[in-house]
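Below is one structure; the comments refer to it alone.
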Amino acid sequence: MNHRKNIWLKLLFPPVWLILLLTVCSAAALIAVFVNGWDTSPVAYAVYVLSFYALSVFCLACWKTFPGYYRSIRGKVYDNRYASRYLTDPVFRTHVSLYTSLGINLLYAAVNAISAAVYSTAWFGIFAVYYVIMAVMRFLLLRYVNRNAIGKSRLGELKRSRLCACILMLVNLILTGAVLMMVTFGRGFSYQGILIYVMALYTFYVTVSAIISLFRYKKLGSPVMSVSKIIQFAQALVSMLFLETAMFAQFGGDMAPEHQRLMIMLTGGGIAVAVAIMAVYVIVRSTKEIQNRKQTD
């Protein structure tokens, strides 16, 4: 019984060098199969079995070793003062996020403004204005955070969040202009080669991260922190629209142009409605609480 168990353990957990060798060989074999059109030959089935085994032992090796490395890396990260503060202090993390987002938005705004001037097109001009609006909202939040401690003045936070929500309504005007250009003139985004997969992965990551942050920071009860995550979520939704046009350009050859335009209109309209609902919610709730506080004072 123990002998059989040892055999199974050796099969499931082979040496690292053998796992690497199997991974490289199976990857090369799969490429050869698909490039040469051998996907229905007997050789292909042997390659599939080898690839499945290589993937299985690789995943088991990761499952066995990753927790130890994760704890070690996590311990080293928490030993660093700034990294530990970033991971444990939501206010500091929001501060860093605002600085980073502001810098990226300003860079994108400058690139699109230069492109609009060079190519004399309103397409890049629309996105230059879009990124300027995003930068303005983050600058207003960052300026407030730099001057005031979050949680110190509830009334001040409510006024600043309401102001940013009002500015956020302008995003719908920019989004409407972009969707009209996509539908009317067939404008959109395109990424060459593997870059589209990288952009898709990044877009889904920022969207999921924005959704999680939206609910996590709402529990803290800070209007400034909540509206900063709403802005992040709105920008992630717009990025999904950009990705959709890139997907159509890359993989939509078999899809009728009118169906593509309909999908873009529906996606753009849905995003505009979602952004408007979030902005109106913040405006109404902030205004109501501001009035209640003024009456009690």
Checklist line | All positions within the stretch 140-169 that are under 30 Å from Ala116 (Cβ atoms) and either buried (at least 17 other Cβ atoms within 10 Å of the Cβ) or in contact (Cβ under 8 Å) with a residue 60 or more places away in the chain (or both) | finding: Leu140, Leu141, Leu142, Leu163, Cys164, Ala165, Cys166, Leu168, Met169
Checklist line | Hey, Leu141 in contact with an Asp or Glu (Cβ under 8 Å, 6 or more places away or on another chain) and over 23 Å from Gly125 (Cβ atoms) or not | finding: no
Notebook entry, point to check: Which of the residues belonging to the stretch 92-104 are crowded, with 16+ Cβ neighbours inside 10 Å and of a type in the set (A, V, I, L, M)?
Noted result: Leu98, Leu102
Checklist line | Boolean, Ala200 is in a helix (DSSP H, G or I), at pLDDT below 85, touching a helix residue (DSSP H, G or I) at 6+ places or on another chain (Cβ under 9 Å) and open to solvent by less than 50 Å² (accessible area, probe 1.4 Å) | finding: yes
Check: What number of residues within the stretch 170-211 satisfy the criterion of being among the aliphatic types (A, V, I, L, M), under 14 Å from Arg261 (Cα atoms) and free of Cβ contacts under 8 Å to residues at least 40 places away in the same chain?
Finding: 1
Next item on the list: Taking only the stretch 134-173 into account, find how many residues are modelled with pLDDT of 90 or more and on the phi > 0 side of the Ramachandran plot.
Entry: 0
Next item on the list: Restricting attention to the stretch 161-216, report how many residues are aliphatic (A, V, I, L, M) and closer than 13 Å to Gln235 by Cα.
Entry: 11
Note to self: Which numbered condition in (1) within 30 Å of Thr94 (Cα to Cα); (2) modelled with pLDDT under 85; (3) not basic (Lys, Arg) is the only one that Phe251 fails?
What the structure shows: (1)
Next item on the list: Say whether the condition of being part of a helix (DSSP H, G or I) and under 17 Å from Val96 (Cα atoms) is met by at least one residue in the stretch 149-158.
Entry: no
Checklist line | Residue list for the stretch 235-292, filter: farther than 19 Å from Leu180 by Cα, open to solvent by less than 20 Å² (accessible area, probe 1.4 Å) and in contact (Cβ under 8 Å) with a residue 60 or more places away in the chain | finding: Ala279, Val282, Ser286, Ile290
Margin query: What's the number of the only condition in (1) in contact (Cβ under 8 Å) with a residue 24 or more places away in the chain; (2) open to solvent by 50 Å² or more (accessible area, probe 1.4 Å) that Asp79 fails to meet?
Written below: (1)
Check: On the given criteria, is Ser120 polar (S, T, N, Q), over 22 Å from the mean Cα position of the chain (by Cα) and open to solvent by 70 Å² or more (accessible area, probe 1.4 Å)?
Finding: yes
Next item on the list: Answer yes if at least one residue in the stretch 56-74 is exposed (fewer than 12 other Cβ atoms within 10 Å of the Cβ) and in contact (Cβ under 8 Å) with a residue 40 or more places away in the chain, and no otherwise.
Entry: yes
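The values are calculated or read from the model by the stated rules, or taken from the named source; none is laboratory data. In this text the structure is predicted, and so the values were computed from the model without any measurement. Note: ideal-geometry Cβ built from the backbone for every residue, glycine included; neighbour counts use all protein chains shown. Heavy atoms of the whole protein, side chains included, go into the accessibility calculation; ligands, DNA and RNA do not. Shrake-Rupley method; radii C 1.70, N 1.55, O 1.52, S 1.80 Å.
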